[in-house]
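Quick notes on the structure that follows.
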Amino acid sequence: MPKNTLGEHLRQQGMSRRSFLKFCSLLASGMALSPALVPRIAQALEATRRPSVIWLSFQECTGCTESLTRSHTPTVEGLIFDAISLDYHHTLQAASGHAAEAAREEAMKENFGQYILVVDGSIPLDNPGFSTIAGISNLDMLKETAKGAAAIVAVGTCAAFGGLPKANPNPTGAVPVSDIITDKPIINVSGCPPIPVVITGVLAHILTFGGLPELDDLGRPAAFYGQSIHDRCYRRPFYEKGLFAETFDDEGAKKGWCLYKLGCKGPVTFNACATTKWNEGTSFPIESGHGCIGCSEPDFWDFGGFYEALSRPTGQTGKNAVYGVAAGTAVGAAVWAMNRAKKEEAVRGHEKLTMDELNREGEES
Ligand code: SF4
């Protein structure tokens, strides 16, 4: 672990006190913390020793790293070079071959018990040879590297829940990190890809408070995954009035009406897209005219076609909501966003609507 504190490091880099406090304000807002906590964050961060981070990429598309390198709050440059010591990253590191593996081994040895392990991608269990790095299977590399980790951040839906590689028929026997590592704290930062500021916010929380943020029942940081997209969607007033786009180019679509009938999964998807947005806070899929596909939920790829509408809620919204897919899709597929117990409860209590009924409701309202 680097010997100097973060405060010393930042001063060496020429960062002024004013800029540092601005940086802390950005962290507080990214972590959904009160501005009143900024001085405490500043104090904690200044005193912390920069932790070593090892980042492993398994069965993934590099979208998670792409997402991180588009981060704006705090900047990835600030995070990587000023806040953490990224000792090993398959995509971003300059070293390759034996030198890269030597860097990983050295970081593990020097910082045993203290480094943060970030993982993106799922792990194939059917045949370890499906995915190897430097001749080491993903399974062995994960087990070996996790041994000395203080905490693991599973970045992206593949690492958190298996993601796309786990979609039917799951040809590689893909599993998430939490299926293999059971004796370390794991934070799931789901999304395909995850929101950049959520990745950096979680790392900043660990840096600031030396522990994990509050997690939801799927192991995700509650500050970012506590509410559904639907709860925070700017199109929600149209949903409440029953004003829905019926096609992607009709008058309703042009007027920015709700995308519910076009398959939006916002009501059963928990993430912060509607507030943090993407591309430096420019927009998010719903603002660009496409419904939410539910990518931060387990098994999102397998259940409920992207353009099939959910049936209307039976009374509640948010985490206790009960939804079904209209137009005859299996009810069990409708509630994929919830954990198993909630799914079973939802299937029992489900009120199923046909697309005709849904359309009639829209016309009547
Ligand atoms: S259904 Fe989708 S578009 Fe409509 S209000 Fe909810 S999240 Fe927004």
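The values are calculated or read from the model by the stated rules, or taken from the named source; none is laboratory data. None of the values given here were measured: they were computed from a predicted structure. Note: ideal-geometry Cβ built from the backbone for every residue, glycine included; neighbour counts use all protein chains shown. Note: areas computed on protein heavy atoms with side chains; ligands, DNA, RNA excluded. Shrake-Rupley method; radii C 1.70, N 1.55, O 1.52, S 1.80 Å.
For the stretch 1-52, which helices (runs of 4 or more DSSP H) that fit wholly inside it have 2 or more residues that are modelled with pLDDT under 75 and within 24 Å of the chain's Cα centre (by Cα)?
Correct list: 17-30.
If the condition is being modelled with pLDDT of 95 or more and farther than 15 Å from PHE244 by Cα, then the stretch 280-292 contributes PHE284, PRO285, SER288.
Does GLY210 satisfy being surrounded by fewer than 24 Cβ atoms within 10 Å (Cβ to Cβ) and assigned by TED's automatic domain parsing to the domain that holds GLU308? No, not satisfied. All conditions in (1) touching a His at 6+ places or on another chain (Cβ under 8 Å); (2) touching a residue at least 24 places away in the same chain (Cβ under 8 Å); (3) within 11 Å of the ligand (Cβ to nearest atom) hold for CYS233, with the sole exception of (1).
Of everything listed in (1) in contact with a helix residue (DSSP H, G or I) (Cβ under 7 Å, 6 or more places away or on another chain); (2) aromatic (Phe, Trp, Tyr); (3) within 13 Å of the ligand (Cβ to nearest atom), the single unmet condition for PHE303 is (3).
With respect to LYS277, is the statement that it is modelled with pLDDT of 85 or more and over 20 Å from ASP231 (Cβ atoms) true?
no
Picking from residues in the stretch 172-204 that are at pLDDT 95 or above and assigned to a helix (DSSP H, G or I), the one that is farthest from GLY113 (Cα to Cα) is ASP179. For the stretch 218-249, filtered to residues that are basic (Lys, Arg) and under 27 Å from the mean Cα position of the chain (by Cα), the residue that is surrounded by the most Cβ atoms within 10 Å (Cβ to Cβ) is ARG220. Out of GLU60, GLU77, GLU101, GLU106, which single residue is of a type in the set (Asp, Glu) and either modelled with pLDDT under 75 or within 21 Å of HIS205 (Cβ to Cβ) (or both)? Of GLU60, GLU77, GLU101, GLU106, the one residue that is of a type in the set (Asp, Glu) and either modelled with pLDDT under 75 or within 21 Å of HIS205 (Cβ to Cβ) (or both) is GLU77. Per the listing ALA204, ALA134, the residue uniquely under 26 Å from ASN271 (Cβ atoms) and not hydroxyl-bearing (Ser, Thr, Tyr) is ALA204. Residue by residue through the stretch 11-42, note down the ones that are within 27 Å of ILE152 (Cβ to Cβ) and open to solvent by 60 Å² or more (accessible area, probe 1.4 Å). Scanning the stretch 11-42 gives LEU26, SER29, ALA32, ARG40. If only residues of the stretch 236-291 that are among the acidic types (Asp, Glu) and in a helix (DSSP H, G or I) are counted, the one that is farthest from the ligand (Cβ to nearest atom) is GLU251. Taken over the stretch 248-276, the criterion of being touching a Pro at 6+ places or on another chain (Cβ under 9 Å) and of a type in the set (Ser, Thr, Tyr) is satisfied by TYR260, THR276.
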